[in-house]
Amino acid sequence: MSALKLTPETRIVVVGLGYVGLPLAVALAKKFNVIGFDISEQRVAELKDGFDRTEEIEKERLVASTLKVTSSVDDIKDAAVYIVTVPTPVDKKNKPDLTPVRSACEIVGPVIGKNSIVVFESTVYPGVTDEICGPILAEKSGLVCGEDFFLGYSPERINPGDKVHTVDKITKVISGQTPEVVDVLDELYCAVTTGGVFRAANIRVAEAAKVIENAQRDINIGFVNEITMIFQKLGISVYDVLEAAGTKWNFLKFTPGLVGGHCIGVDPYYLAERAKQINHDPRIILSGRAINDGMADFVAERICAQLSGNGKILVLGLTFKENCPDLRNTKAIDLIAGLKVRGFQVDVHDAAADPVEAKKFFNIDLKPDLAQLKDHSYTAVVGVVAHDSYKDIPGSEFERLLEPGGLIADIKAMWQNIEKPQYIRKWQL
Ligand SMILES: NC(=O)c1ccc[n+]([C@@H]2O[C@H](COP(=O)([O-])OP(=O)(O)OC[C@H]3O[C@@H](n4cnc5c(N)ncnc54)[C@H](O)[C@@H]3O)[C@@H](O)[C@H]2O)c1
């Protein structure tokens, strides 16, 4: 491969303009000639109008960006670098669903040129880039992988809704099929991040590094969720225990919770699948998954155990995490189901979710405004997602919403020091 010199004219295509792809494309467009491609015409139309439904890029930045967006394959021919940021979900049996990755390769294959570099950022298990993506790109392009075009892998680490660890600040792990590819990626990513790059030993190492970052978090949360279950039965609050244990210098600070979303609750299954392919039983990884997947029902059972009769419960929070509109794979929905199956009526409010998406995905009519909810109409208010605006709800609002003897159920320890009258009960994990 002749050394590629990056210039402001270098054509870069970002494939998949979601939570990961859009911020990356906008950041790259400050330095290069960037085209963002997405198969969703609706997403492209919204972005052309300056609207990012993921709330990662504000309208002013989007409108001011030189990024061009398209859903037409004709617009993405002959770029020097293609960066693939498409989803990597699991199917109903928790098996990796590589359909979007394969489909992106089928789209990109015919348009790549000689010396194009195709970099994958989607989270996968070790081997996907070399064994699955490379061959599809070669077949669709008629070019030879590693000679005519080249592969790279650079995992994405951003967090939806996290305004601190943004794409322009985090350290990027990079890897490529040849040292020249890694040099290009070094220059490319250093142009957008002040966090610098780390050159992984090879593509599989970079793939493995990403998937274990999230599997490690899942297992640690699984441990805390398991001790939560034990301590609930012992009448001890896990938050009180964690506060005490956290005074030790090397205690790891994880908190209990519902592990949903597109990454932590999904990526361990990718690693587990790879382990199974090579006849290794991934016991710790799958135990963590099983505990975390059972947490929503456990919490529902604990809440209902404290309520007599079949009242109405107000759930605050539907998204998979705080301060972010992302509803994908949210476990709040399992908790709601757990409350309903135990005979309770459930109203749901969310300070960040799009009501149209809540209806479309879950058939839930979100309550638009807490202030409009009837006085004393709930037997319990359950804090499921720690959106900032929920942390500030005063005790008087619970007093207004709850019937006498009602329960504040605080899953995220948002209201630990709330002032409330004696006749309102409070329970936390
Ligand atoms: N969301 C995160 O914060 C995060 C963080 C780190 C890593 N990741 C990983 O990054 C990848 C992308 O995640 P995301 O959250 O941005 O997903 P997303 O669902 O927000 O966005 C993906 C976009 O890709 C588009 N798309 C799907 N198939 C396509 C195709 N064949 N060609 C072109 N576009 C296609 C979709 O229309 C969508 O707009 C996943 O592998 C994920 O695990 C995500």
- Task: Quick one: Asn214 ticks every box in (1) in contact with a Cys (Cβ under 8 Å, 6 or more places away or on another chain); (2) in a loop (DSSP other than H, G, I, E, B) except a single one, so which number is it?
- Result: (2)
- Query: Looking at segment 196-209, is at least one residue among the aromatic types (Phe, Trp, Tyr) and in the same structural domain as Gly260 (by TED's automatic domain parsing)?
  - Reply: no
- Any chance Lys391 is over 18 Å from Ile418 (Cα atoms), of a type outside the set (Gly, Ala, Ser) and without any contact (Cβ under 8 Å) to a residue 60 or more places away in the chain: no
- Between a first residue in segment 142-158 that is farther than 15 Å from Val111 by Cα and among the hydroxyl-bearing types (Ser, Thr, Tyr) and a second residue that is assigned to a loop (DSSP other than H, G, I, E, B) and within 16 Å of the ligand (Cβ to nearest atom), which pairs have beta carbons less than 7 Å apart while being 6 or more apart in sequence or on different chains? Ser154/Glu121
- Examine segment 175-183 for a residue that is in the same structural domain as Val86 (by TED's automatic domain parsing) and within 27 Å of Gly265 (Cα to Cα), and state whether such a residue exists. yes
- Item | Residues satisfying the stated conditions in segment 214-244, i.e. in contact (Cβ under 8 Å) with a residue 12 or more places away in the chain and not hydrophobic (A, V, I, L, M, F, W, C) | Asn214, Arg217, Asp218, Asn220, Gly222, Asn225, Glu226, Thr228, Gln232, Ser237, Tyr239
- Note on the structure: Pairing a residue in segment 320-346 that is closer than 28 Å to Asp52 by Cα and without any contact (Cβ under 8 Å) to a residue 40 or more places away in the chain with any residue that is part of a loop (DSSP other than H, G, I, E, B) and away from the ligand (no atom under 16 Å from the Cβ), where Cβ atoms lie under 7 Å and the two sit 6 or more apart in sequence or on different chains, gives Leu327/Leu318
- Message: List the helices (runs of 4 or more DSSP H) inside segment 20-85, counting only whole elements, that have at least 3 residues being surrounded by fewer than 22 Cβ atoms within 10 Å (Cβ to Cβ).
- Response: 41-48, 59-64
- Message: What pairs come out if I take residues in segment 23-38 that are over 13 Å from Val84 (Cβ atoms) and pair them with residues that are buried (at least 22 other Cβ atoms within 10 Å of the Cβ) and among the acidic types (Asp, Glu) whose C-beta lies under 6 Å away, six or more apart or interchain?
- Response: Pro23/Glu56
- Taking the residues in segment 361-417 that are closer than 13 Å to Leu314 by Cα and basic (Lys, Arg) as candidates, determine which candidate is nearest to the chain's Cα centre (by Cα). Lys367
- List, please: which pairs have Cβ atoms under 6 Å, are six or more places apart or on different chains, and start with a residue in segment 405-426 that is outside any loop (DSSP other than H, G, I, E, B) and end with one that is charged (D, E, K, R)? Leu407/Arg425; Ile408/Lys426
- Test for Lys210: is it among the basic types (Lys, Arg) and either more than 30 Å from Arg302 (Cα to Cα) or within 16 Å of the ligand (Cβ to nearest atom) (or both): yes
- Query: For segment 246-273, what are the residues that are outside any loop (DSSP other than H, G, I, E, B) and either more than 13 Å from Thr123 (Cα to Cα) or among the acidic types (Asp, Glu) (or both)?
  - Reply: Asp267, Ala272, Glu273
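The values are calculated or read from the model by the stated rules, or taken from the named source; none is laboratory data. Everything numeric in this text was worked out from a predicted model, so none of it was measured. Cβ coordinates were reconstructed from backbone atoms using ideal geometry, including for glycine residues, and neighbour counts include every protein chain displayed.
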